[in-house]
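Every number here is computed from the coordinates shown, using simple stated rules; none is lab data. Note that the coordinates shown come from a computational prediction; the quantities given were computed from them, not determined experimentally. Cβ placement follows ideal geometry from the backbone for every residue including glycine, while neighbour counts extend to all protein chains displayed.
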Amino acid sequence: MGGAFNQEMKQLMLRHAFRFVTSVIFLVGPQNLRSQKALEKIGAVRVGTGPNERGHESVLYRITAPR
């Protein structure tokens, strides 16, 4: 039940963000496979790894606005 609403909410937030920016970056913990799969399901592309604001390693995903 939450999955359908979660995906719809993400799409609404992305649509709003794309009014102001051309891409959105997500930082996800390397062990958080559930979030990684959810991001890939909505079109995010894994672009690498890097530290988050606390210095912990994160996986970086990007979604670019449709043209």
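For segment 11-18, backbone phi angles converted through the Karplus equation (6.51, -1.76, 1.60; θ = phi - 60°) give residue-by-residue couplings of 5, 5, 5, 5, 4, 5, 4, 6 Hz, Gly and Pro being listed as x.
Measuring nothing but how far apart in sequence close Cα pairs (under 8 Å, 6+ apart) lie, relative to its length, the chain scores a relative contact order of 35 percent. Estimated from helices alone, the mean residue ellipticity of the chain at 222 nm is -11500 deg cm²/dmol (sum of -39500 (n - 2.57) over DSSP H runs with n ≥ 4, per residue). Give the residue list of chymotrypsin sites (Phe, Trp or Tyr not before Pro) in the chain that are DSSP loop and have at most 10 other beta-carbon atoms within 10 angstrom. In loop regions of the chain (DSSP not H, G, I, E or B), the sparsely surrounded chymotrypsin sites (Phe, Trp or Tyr not before Pro) are 20. Can you tell me what percent of all Cα-Cα pairs in the chain are more than 17 Å apart? Tail fraction, whole percent: 44. Assuming charge only on the beta carbon of Lys and Arg (+1) and of Asp and Glu (-1), the dipole of the chain about its Cα centre is about 200 debye to the nearest 20. Placing unit charges on each Cβ (+1 for Lys and Arg, -1 for Asp and Glu) gives the chain a dipole about its Cα centre, and among 20, 39, 61 the Cα reaching farthest toward its positive end belongs to 20.
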